[in-house]
Amino acid sequence: MGGLWNVNAVSIATAAGFAADPMAVWRVFAPLRARARDAQPNAAHIALARLEAKSSGSMTCIAPNVDGLHQRAGSTNLIELHGNLHHNRCSNSACELERFEDDSAPDVLPRCSRCQAPLRPDIVLFDEPLDGGVEWHAKRALRDCDLFVAVGTSGTVSPAANFVRSAEYAGARTVLVNATAMAPPNPAFQEQILGRAEELLPSLLR
């Protein structure tokens, strides 16, 4: 509550919305980019990165968030499921411009230096499929996991909402750490621990 993201953003931040009015989509994400740029990882991000450092490469962080805070905390074995808000790419699929870092918060529509098509944040918008390679790596990690911990999620946005079922099918222990109880509850989670992630994860993962 009180954050920059709201229900109106969901109706704007779509593939069709970008095609119709790319600047409207930028008006949603430019303030988010500016805030994410200035944000710092919290104790939950740091606890995950420390666990990864101790795990000898056997831990994978599948991050639906696009804010880059896991990287800043030190996570390296990271799957950015929905992309990275701090990168741009050309909206023209035929253009050969490679994605590039950009932390600016534009107030006019940025355009590609090669083809002049609108640039867009390198993230997955609503109604867009995940990148096939990214999804493949996520599913491979789920197939091999023995512990699945979901942190801070409503558990309603697919395909990520289905990952716990894949982990359960693989025989993993499944745990939800969330501020509030999932409604309706997902029976694929064997345990549910309620509270703030930055308070719980440092002790749970220690």
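Values quoted throughout were computed directly from the atomic coordinates according to the rules given, and no laboratory measurement underlies them. What you see is a predicted model; the values in this text were computed from it and never measured. Glycine also receives a Cβ, built like all others from the backbone with ideal geometry; neighbour counts cover every protein chain displayed.
Tabulated results
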| quantity | calculated |
| --- | --- |
| Overall form of the chain per C-alpha gyration tensor (a/c, 1.5; a/b vs b/c) | prolate |
| Cβ-placed point charges (K, R +1; D, E -1), dipole of the chain about Cα centre in debye, nearest 20 | 220 debye |
| Highest to lowest packing among 28-40, 73-85, 102-114, scored as the average C-beta count within 10 Å | 73-85, 28-40, 102-114 |
| Computed lengthening from residue 116 to residue 146, 0.36 nm per intervening residue step minus Cα-Cα distance | 6.1 nm |
| Positive-end residue of 115, 55, 134, charge dipole of the chain with Cβ unit charges | 55 |
| Extension gain, residue 27 back to residue 105 (0.36 nm per residue minus Cα-Cα distance, nm) | 27.2 nm |
